[in-house]
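Working notes for the structure below.
The values are calculated or read from the model by the stated rules, or taken from the named source; none is laboratory data. Keep in mind that what you see is a predicted model, and the values were worked out from it rather than measured. Ideal geometry is used to build each Cβ from the backbone, glycine not excepted, and the neighbour counts take in all protein chains shown.
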Ligand SMILES: [Zn+2]
């Protein structure tokens, strides 16, 4: 049988990273291959620091005696903006020359997937700034647990990871009442965990979560389409929102990084793009109040709707707004608010759709409720294959009582790219 488990490796696995990229667009791939062949990897002792509270990027440059002009003032606005996103406490690394006198490279993570890279160009001896993807490896991991009290409590107690508990619980999308769980009920979780510099980081992704309540197994599976389904191929229900352009093809998913086709650089994609013909009606994803309807820079014609529960949706690049749609107006879920266009920074007609909670972009597909709730035909057959594969693995871990393995933390060792 095929096992859902990775071999342990401590160095970044480029084949795997590359494979992840093969699914993405050509520009991205080309960029990555250039990066691969023009650089060699080596291990070096570097110093790791933690970003101090309220420290600004500019203050950091000054402290380290790095030039402000090429590393800040000469950057375009998008890149300058990135430097405002450094989180307090984030671990960052500095690689110095052998005599310790000059800084050769700096890596500062911005999101789980994007980082600032400062380096000294060997030819020109000038410092350069770039935003690059964080190299990480994804390991497939699994564990078995016997319930102590609640599933979340058990996971935190046995693994020490709140993130695993959250990923397990949220994969069920409130479709299962965890209150019925009793002591000695069993659970298995199959998940992907990202590792960077030998340490785990970012939210684990639950691939399959199984909770056995009084002898009855409840399992949810993450399908190829990014949604969780139950055994019968019915989508585990989310809540709140409807797709804003029903039936439209998604041309770009929410991602903490992607290669921007116009700007030709790495940026986060804070929403989902729906490809549709110019003039296709756009519907309000939920009940709410329009808090903005107008022109907004790279968004083009933009509508913002505030919903209950601190949610806000944004609809960008619109051709035009529907008559009567303006700030202050209340709309119902499904109401037409405007039409697909390509205003602002856009390559062609599409809707850029964002969902924010407390102002922070979140993946709209995780909560958007779409009309099709059950899989049919080929997608169903593909899902059932995947389900059988996961079920086999779950049975294996149940039988073997697979223990959670704590990974050793590796400090102070870091992999920089050699700058030519
Ligand atoms: Zn977009």
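So for region 177-194 (the condition being at pLDDT below 90, crowded, with 17+ Cβ neighbours inside 10 Å and closer than 18 Å to residue 138 by Cα), does at least one residue qualify? There is at least one residue in region 177-194 that is at pLDDT below 90, crowded, with 17+ Cβ neighbours inside 10 Å and closer than 18 Å to residue 138 by Cα.
Could you list all residues from region 267-306 that are under 23 Å from the mean Cα position of the chain (by Cα) and away from the ligand (no atom under 11 Å from the Cβ)?
285, 304
Just one of the numbered conditions (1) within 16 Å of the ligand (Cβ to nearest atom); (2) farther than 30 Å from residue 117 by Cα; (3) modelled with pLDDT of 90 or more is not true of residue 231: (1).
Limited to region 84-121, what total is found for residues that are part of a loop (DSSP other than H, G, I, E, B) and farther than 16 Å from residue 67 by Cα? Can you show your working first?
Going residue by residue through region 84-121, those that are part of a loop (DSSP other than H, G, I, E, B) are 86-90, 97-102, 110-113, 121.
When the remaining residues are screened for being farther than 16 Å from residue 67 by Cα, the result is 86-90, 97-100, 110-113.
The number of residues fulfilling the criteria is 13.
Does residue 247 meet the test of being more than 16 Å from the ligand (Cβ to nearest atom), at pLDDT below 85 and in a loop (DSSP other than H, G, I, E, B)? Yes; evaluated as a whole, the condition is true for this residue. Residue count for region 259-277 under the criterion of being touching a strand residue (DSSP E or B) at 6+ places or on another chain (Cβ under 6 Å), touching a residue at least 60 places away in the same chain (Cβ under 8 Å) and either closer than 17 Å to residue 299 by Cα or not assigned by TED's automatic domain parsing to the domain that holds residue 332 (or both): the result is 8. The set of residues from region 86-113 being more than 26 Å from residue 160 (Cα to Cα) and touching a residue at least 60 places away in the same chain (Cβ under 8 Å) comprises 95, 104, 105, 107. Is it the case, given these coordinates, that residue 232 is assigned by TED's automatic domain parsing to the domain that holds residue 356 and assigned to a loop (DSSP other than H, G, I, E, B)? The answer is no for residue 232.
Scan the strands (runs of 3 or more DSSP E) fully inside region 254-325 and keep the ones with 1 or more residues being modelled with pLDDT of 90 or more. Walk me through how you get there before you give the answer.
Details: elements: 255-260, 265-269, 271-275, 281-283, 288-295, 301-306, 311-318.
Counting at least 1 such residues, we get 271-275, 281-283, 288-295, 301-306, 311-318.
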